[in-house]
Amino acid sequence: MVIKPKVRGFVCVTAHPTGCAAHVQEQADYVQRKGTIRNGPQKALVIGASTGYGLSSRITAAFGSGSATLGVFYERPSEEDRPATPGWYNSIAFTRAARTAGLYAKNLNGDAFSDEMKQQTLALIKRDLGQVDLVIYSLASPRRIHPRTGVVHKSALKPIGASYTNKTVDTDLGIVSDVTIEPATAEEIADTVAVMGGQDWEMWIDALLQAQVLAPGATTLAYSYIGPEHTWPIYKNGTIGRAKTDLERAALAIDARLRPSAGRAYVAINKALVTQASSAIPVVPLYISILYKVMKAKGLHEGCVEQMQRLFATQLYNGAPLQLDSEGRLRVDDWEMRADVQAEVARLWPLVTTENLSQLTDIEGYRTEFLKLFGFGLPGVNYHAGVEPHVPLDS
Ligand code: NAI
């Protein structure tokens, strides 16, 4: 099958297996070039391991410090005339590359919110690894079936209290327009917290602790975002921000539970980047397009793997006392939030129109990164050639 990108709004409904493999290899090569992360993780469980920050965390653990990795994710295999999701192909490529390097890599594909998936994970850790010393929690999901109540919670990306109007961009068509988003209802706020908040992370850690598969001194991390004030109504102060506040609550609760065994739990605040999750948030893609322009001009641009490699190598595992912010969080959004970067973003923001989008923003860079998420536009891949879309995942 010859596979071409088919973009529908903020998703691409096709993915290229060879391109996804090249994307994974690009990240593995980067981590290897940066050198060994001394005292890095040895046995890592990555929940949300197939794309975005979770995939880059997995690649960093494996190729930075030779860690065994167990990846949990929810991806769709290929169907008769339809390629699989990119996370499916990424995970196949990662597993191959890790095993070629002599590293343990196994996968569990299914709903991480369910008790069944947690039980399967515990059994696999017990059988193969004994214990894990790192647990990354990097889920981004539009919904969660609560394992106790059976209720289906759907997350909403909305402001709270008042409607919010700002500029946004249709990244596919390149049209800049105003968007108004009505405030969330109390139910939508609670649902978003149920999906993207910290309860499931706590359930994972409780299950791991109870099964005694967390190594003494284990680290667990979840990821969050803050960003600049003009995105606060839709992010930090919106429904997703409420969920992230709950994630920080959970970090403290988990940290207290891990302390007796010298473990630790943190929220890391990461940079805004093009991923399948962030492209769905109104206004954010325009912000990212301007941010990329500014950060590239200043030589400060990073992608997911650069962020995760820096987090592991210079903060988490560098042996020095951790540099936490006043709220006890790790920060790798420091370059994004630099005063000179944000001043330039704020200067450009009101000037951007459909007509000058290509000059004032890095919309091209955004599109290139977006297509790369689906395995398109990677150097060295022949996109005219037919490729086998039906590839089994060893899970
Ligand atoms: P992503 O969409 O690239 O990855 C989400 C992962 O979760 C995938 O591996 C997917 O398979 C998995 N997943 C989703 N639902 C699942 C389920 N029910 N069961 C098992 N696996 C499931 O997302 P991204 O952007 O990497 O986000 C990860 C975390 O990083 C999120 O907490 C997000 O808020 C945070 N973050 C993202 C930023 C960004 O700009 N993209 C910035 C800062 C933080």
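The values are calculated or read from the model by the stated rules, or taken from the named source; none is laboratory data. Worth saying up front: this structure is predicted, and the values here are computed from it rather than measured. In this analysis, Cβ positions are derived from the backbone assuming ideal geometry, glycine residues included, and neighbour counts consider all displayed protein chains. Keep in mind that these areas ignore ligands, DNA and RNA; they rest on the heavy atoms of the full protein, side chains included. Shrake-Rupley method; radii C 1.70, N 1.55, O 1.52, S 1.80 Å.
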Open item on the list: So for segment 115-250, averaging the separation of alpha carbon pairs under 8 Å that are six or more residues apart and normalising by length, what relative contact order in percent results?
Closed with: 33 percent
- [ ] Would you kindly find the accessible area of residue 51, with a 1.4 Å probe and non-protein molecules such as ligands, DNA and RNA excluded, rounding to the nearest 10 Å²?
- [x] 40 Å²
Task: Simple label model, 7 Å out from Cα along Cβ direction - residue 314 to residue 334, nm - done: 0.6 nm
Open item on the list: Run through segment 67-136 and list the GluC sites (Glu not before Pro) located in a DSSP loop whose Cβ has at most 11 other Cβ atoms within 10 Å.
Closed with: 80
Task: Phi to ³J(HN,Hα) by Karplus 6.51 cos²θ - 1.76 cosθ + 1.60 over segment 155-161, Hz, x for Gly, Pro - done: 7, 10, 10, 9, x, 10, x
Task: Candidate residues 223, 104: accessible-area rank, largest first, probe 1.4 Å - done: 104, 223
- [ ] Take 43, 372 and sort them by solvent-accessible surface of the protein heavy atoms, 1.4 Å probe, largest at the top.
- [x] 43, 372
Task: the chain - percent relative contact order, Cα under 8 Å, separation 6 or more - done: 23 percent
Open item on the list: With an 8 Å Cα cut-off and a minimum separation of 6 or more residues, compute the relative contact order for segment 1-143 in percent.
Closed with: 28 percent
Open item on the list: In Å², and per residue, what accessible area does the chain have when probed at 1.4 Å with the other protein chains present?
Closed with: 41 Å²
Open item on the list: For the chain, what does the helix formula give at 222 nm: sum of -39500 (n - 2.57) over DSSP H segments with n ≥ 4, over the residue count, nearest 500 deg cm²/dmol?
Closed with: -11500 deg cm²/dmol
TODO: Starting from the residue with the highest accessible area, list 196, 295 in decreasing order, probe 1.4 Å.
DONE: 196, 295
Open item on the list: Can you tell me which of 352, 132, 24 moves the most in a GNM of the chain? Springs connect C-alpha atoms under 10 Å apart.
Closed with: 352
Open item on the list: Give me the net charge for the shell around residue 5: Cβ to Cβ below 12 angstrom, other residues only, Lys and Arg +1, Asp and Glu -1.
Closed with: +4
- [ ] Rounded to the nearest 0.05, what FRET efficiency do residue 126 and residue 385 give with R0 = 41 Å and r taken as the Cβ-Cβ distance? Could you check?
- [x] 0.40
- [ ] Would you tally the net charge around residue 175, using a Cβ to Cβ cut-off of less than 13 Å, leaving residue 175 out, and scoring K and R as +1, D and E as -1?
- [x] -3
- [ ] Among the listed pairs 6/118; 34/158; 106/154; 236/293, give every one whose C-alpha distance is greater than 32 Å.
- [x] 6/118; 34/158
Open item on the list: Can you give me the distance in nm between label points at residue 351 and residue 152, each placed 7 Å from the Cα along the Cα-to-Cβ direction?
Closed with: 4.7 nm
- [ ] Return the distance in nm (one decimal) between the two label points of a simple spin-label model at residue 300 and residue 259, each offset 7 Å from Cα along Cα→Cβ.
- [x] 3.5 nm
- [ ] Mind checking the full-extension length gain between residue 364 and residue 100? Use 0.36 nm per residue of separation minus the Cα-Cα distance, one decimal, nm.
- [x] 91.6 nm
